[in-house]
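A short write-up of the structure that comes next.
The values are calculated or read from the model by the stated rules, or taken from the named source; none is laboratory data. Small disclaimer: the values here were computed from a predicted structure and weren't measured. Note: ideal-geometry Cβ built from the backbone for every residue, glycine included; neighbour counts use all protein chains shown.
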Amino acid sequence: MSASLRSLAFALFVLFLVLTLPTPARAGDDWLPITPEELRMTSEPKAPGAMAIYLYRQVDRNDVENREYNYARIKIFTEEGRKYADIEIPFVKGFGDIKNIQARTIHPDGRIIDFNGKPYEKMVIKAKGIKFLSKTFTMPDVQPGSIIEYRYTRINPEDWILNARWLLSEELFTKRAKFSLHQSLSNGLQWSWPRGLPPGTNPPIMDHRTVRLETQDVPAFQIEDYMPPPDQMKYRVEFMYTNNMEKDPDKFWKEEAKRLYRSVEAFTDKRKSMEQAVAQIVSPSDTPEQKLQKIYARCQKIRNTTFEREKSQQETDREKLKEIQNVEDIWKHGYGSGYGITWLFLALTRAAGFDASPVFVSTRDTHFFNPKVMNTNDLNTNVVLVKMDGKDFYFDPGVAFAPFGMLPWSETDASGMRVDKDGGTWIITPVPDPASSGINRQASLQLDDSGSLDGTAILTFNGLSALGRRIDEHDADDVDRTKFLEDEIKAYVPVSMEAELTNKPDWSSSATTLVAEFHVKVPGWASAAGRRTLVPAELFGGGEKHVFEGSNRVHPIYFNYPFSDTDDVTITPPLGWQLSELPQPQNGDLKVLAYSISMEKKEGALHVSRRLMVKAEMLAVKDYATVRRFFGNVRSADDQQVVLSASVSSN
């Protein structure tokens, strides 16, 4: 090779290194400066034992431009803390978007590695009872001692000002944080901090239509299994856009109830067209309940745009849906939002002669209603109260897949206001019957000589358990739904197993059940002990295997709804083996929790019956020791062993 070519090759090699090797932090970079102290940190005295902490957080929300800028810097202290390299940005599918994600890793020596990958969407399960969608990505080359930082812009829908909030607490200790909110021009703004502010933090201040707050040394927020909505338990600042600046709660809500009633009347007051519509739906000979059922079913056949996938602007422009102004438009055009469809049901039931009232409800899946906060936006959904035979019945046909007479769990046992022209009346929606929801798990299995199980299993989801899964998977395809169900049955079995969905569950109806059938294999379920084989009594106890194991509890225990799970499992022993010892039945009943399991020999096979019933939604922290002991007993009973022995004829 000539000297000139060697020089060119060397120059190209140097250029390659310059372009590809990690670079040191540099002045003038548009990221915030990193201090030598941050690079050297190995722990935080105010968060002893922390695997990682937030060095800095920043949230700048602009409600004029409907966007929010987020910035986070995290210091990783331990090997276990590397899990925070998996960044999760929660979002609500179909409401806004996450844009301009940038991220980088900084090593203790100052070298920088930029993230150049592409985030993906996934369902995140933080703990039992807590799950959300997130934009997820993994930071590059993260080690103990590294700093990771990322930033992004959240694009909010135009009406998202109804959900203005700062969350001051996070899963990690926060050393320093800054928040701002630039006020929308359309309404007055109030704010409150329902759980107080972190120690040493001054209240927010208004500065030229921008509310600002700074805080530091915010304790880490603990996530626990079956806890209330996490955001409700955190230090936070809640914002309320309103034109009603009344300070007295009773006067405030009376004014708001009248305003809400006027809005409903303006949307539903189409008596003549509704009477004509009712004549097409019901027959004069129908009983009142039959009329209600027919009106409900007809409303659910209306195209529900709330439960459709998010469309691109091009698709929206091409479809050219007409704007909905009232219930007559919904009936005429055959489509509407879930909110509008529920008001259509109100108008139709009134036209059919029923005493029906509009009710605004505060769902309890993301927040708990507090009338003293005086935030009308917390009444975030609508249902219809119908009086029939002297009893109150609640309906929400705007929720796709909801069976007649069933509200989604977030609208049950929930605070609401029944509005009328004179004001409003506070109500609580009914608590579901524990026996009406839950999962029935049936299995018929053959045990072979190697101790493995093979056979069929059927999961029947009942009531709210069926409705919840239909809602969660409403925009998924068949592949995703199949994986969802196969993963679910695997989660119930405490060892590795194979499961193949063999039927086509009915995802699109409002039936009270959802049925999934499987072919299953469970390798090594039984274990040999000399001339005996030991078989665990309970197959589907995986869901309770590790709940409430910690000795301490920070938050109340919160079940989404009361339920009853039942198991009916038959295991046939291999040829030449017979049941020789069966454990005694076990029972436990705490009034709010109940459990039973029994085993019997049935035509030579092992037949196991089990029930776990949760009869309450919220249990206090003081009850945790009792709840923990109860589930410990459940695990002990599930772990009992059935003994098989070789039959005499096999010798």
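Numerical summary
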quantity: Residues of segment 411-426 that turn out to be over 18 Å from residue 561 (Cβ atoms) and in a strand (DSSP E or B), as a count; calculated: 8
quantity: Test: residue in segment 291-300 that is closer than 27 Å to residue 257 by Cβ, out of contact with any Pro (no Cβ under 6 Å at 6 or more places or on another chain) and at pLDDT below 95; calculated: no
quantity: Which listed residue, of 630, 548, 559, is at positive phi and in the same structural domain as residue 646 (by TED's automatic domain parsing); calculated: 548
quantity: Residues located in segment 391-448, provided they are small (Gly, Ala, Ser), surrounded by 21 or more Cβ atoms within 10 Å (Cβ to Cβ) and at pLDDT 95 or above; calculated: 398, 402, 410, 414, 416, 437, 438, 443
quantity: Pick from segment 566-600, criterion at pLDDT below 95 and charged (D, E, K, R), ranking: farthest from residue 531 (Cα to Cα); calculated: 591
quantity: Any chance residue 210 is among the polar types (S, T, N, Q) and either closer than 27 Å to residue 554 by Cα or in contact (Cβ under 8 Å) with a residue 60 or more places away in the chain (or both); calculated: no
quantity: Which numbered condition residue 546 misses (of (1) without any contact (Cβ under 8 Å) to a residue 12 or more places away in the chain; (2) part of a strand (DSSP E or B)); calculated: (2)
quantity: Qualifying position, being more than 35 Å from the chain's Cα centre (by Cα), β-branched (Val, Ile, Thr) and either at pLDDT below 95 or in a helix (DSSP H, G or I) (or both), among 18, 92; calculated: 18
quantity: Those strands (runs of 3 or more DSSP E) lying entirely in segment 331-410 with at least 3 residues touching a Ser or Thr at 6+ places or on another chain (Cβ under 8 Å); calculated: 355-361, 381-388
quantity: Selection count where residues are touching a residue at least 60 places away in the same chain (Cβ under 8 Å) and crowded, with 21+ Cβ neighbours inside 10 Å, scope segment 467-517; calculated: 2
quantity: Scope segment 225-263; condition outside any helix (DSSP H, G or I), modelled with pLDDT of 95 or more and more than 22 Å from residue 414 (Cβ to Cβ); matching residues; calculated: 235, 237
quantity: Only one of 471, 489 that is in contact with a strand residue (DSSP E or B) (Cβ under 8 Å, 6 or more places away or on another chain) and β-branched (Val, Ile, Thr); calculated: 489
quantity: Selected residue (criterion: nearest to residue 435 (Cα to Cα)) from residues of segment 606-623 that are surrounded by 19 or more Cβ atoms within 10 Å (Cβ to Cβ) and touching a Pro at 6+ places or on another chain (Cβ under 9 Å); calculated: 614
quantity: Subset of segment 63-89 (residues that are closer than 28 Å to residue 311 by Cβ, at pLDDT 95 or above and not aromatic (Phe, Trp, Tyr)); calculated: 70
quantity: Residue under evaluation residue 602, criteria (1) closer than 19 Å to residue 441 by Cα; (2) surrounded by 14 or more Cβ atoms within 10 Å (Cβ to Cβ), criterion not met; calculated: (2)
quantity: Matching residues, segment 101-124, being polar (S, T, N, Q) and surrounded by 12 or more Cβ atoms within 10 Å (Cβ to Cβ); calculated: 102, 105
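Yes/no per residue for (1) at pLDDT 95 or above; (2) among the basic types (Lys, Arg); (3) under 22 Å from residue 574 (Cα atoms); (4) in contact with a Pro (Cβ under 8 Å, 6 or more places away or on another chain):
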{"position": "452", "(1), (2), (3), (4)": "yes, no, yes, yes"}
{"position": "465", "(1), (2), (3), (4)": "yes, no, no, no"}
{"position": "477", "(1), (2), (3), (4)": "no, no, no, no"}
{"position": "482", "(1), (2), (3), (4)": "yes, no, no, no"}
{"position": "505", "(1), (2), (3), (4)": "yes, no, no, no"}
{"position": "521", "(1), (2), (3), (4)": "yes, yes, yes, no"}
{"position": "530", "(1), (2), (3), (4)": "no, no, yes, no"}
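Per-residue answers, yes or no, for (1) acidic (Asp, Glu); (2) more than 28 Å from the chain's Cα centre (by Cα):
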position	(1), (2)
134	no, no
141	yes, yes
153	no, no
165	no, no
170	yes, no
177	no, no
